[in-house]
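**Student:** Pasting a structure here, questions to come.
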Amino acid sequence: MQEARRAADASDEARPIVRLSGVTKTYGQLHAIDHLDLDILPRELFTLLGPSGSGKSTVLRAIAGLIGID
């Protein structure tokens, strides 16, 4: 029984808890996010790094559902 539970837990950990596929967000002519593919797995440490204006906050707002995507 414990082996089946461990296998199920391992299977759950292999599935992303966040998945973005081909996400695009534009503001007029500005492409804030351009065809982003991203998987975040359970227990995975994740960070967004980039210069000011590179779309980090826009990605987080899209994940949270605070903004719509194109």
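The values are calculated or read from the model by the stated rules, or taken from the named source; none is laboratory data. Source: prediction; values computed, not measured. Here Cβ is always computed from backbone atoms with ideal geometry, including for glycine, and neighbour counts include all displayed protein chains.
Yes/no per residue for (1) at pLDDT 95 or above; (2) more than 11 Å from the chain's Cα centre (by Cα); (3) on the phi > 0 side of the Ramachandran plot; (4) surrounded by 10 or more Cβ atoms within 10 Å (Cβ to Cβ):
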{"site": "ALA10", "(1), (2), (3), (4)": "no, yes, no, no"}
{"site": "GLU13", "(1), (2), (3), (4)": "no, yes, no, yes"}
{"site": "THR24", "(1), (2), (3), (4)": "yes, yes, no, yes"}
{"site": "LEU36", "(1), (2), (3), (4)": "yes, no, no, yes"}
{"site": "LEU45", "(1), (2), (3), (4)": "no, yes, no, no"}
{"site": "GLY68", "(1), (2), (3), (4)": "no, yes, no, no"}
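**Student:** For segment 42-70, what are the residues that are among the hydrophobic types (A, V, I, L, M, F, W, C) and assigned to a helix (DSSP H, G or I)? I'd like the intermediate steps shown before the answer.
**Tutor:** Residues of segment 42-70 among the hydrophobic types (A, V, I, L, M, F, W, C): 45-46, 48-49, 59-60, 62-64, 66-67, 69.
The answer is VAL59, LEU60, ALA62, ILE63, ALA64.
**Student:** Out of ARG19, ARG61, report the one residue that is surrounded by 11 or more Cβ atoms within 10 Å (Cβ to Cβ), modelled with pLDDT of 95 or more and out of contact with any Leu (no Cβ under 9 Å at 6 or more places or on another chain).
**Tutor:** Within the list ARG19, ARG61, the selection yields ARG61.
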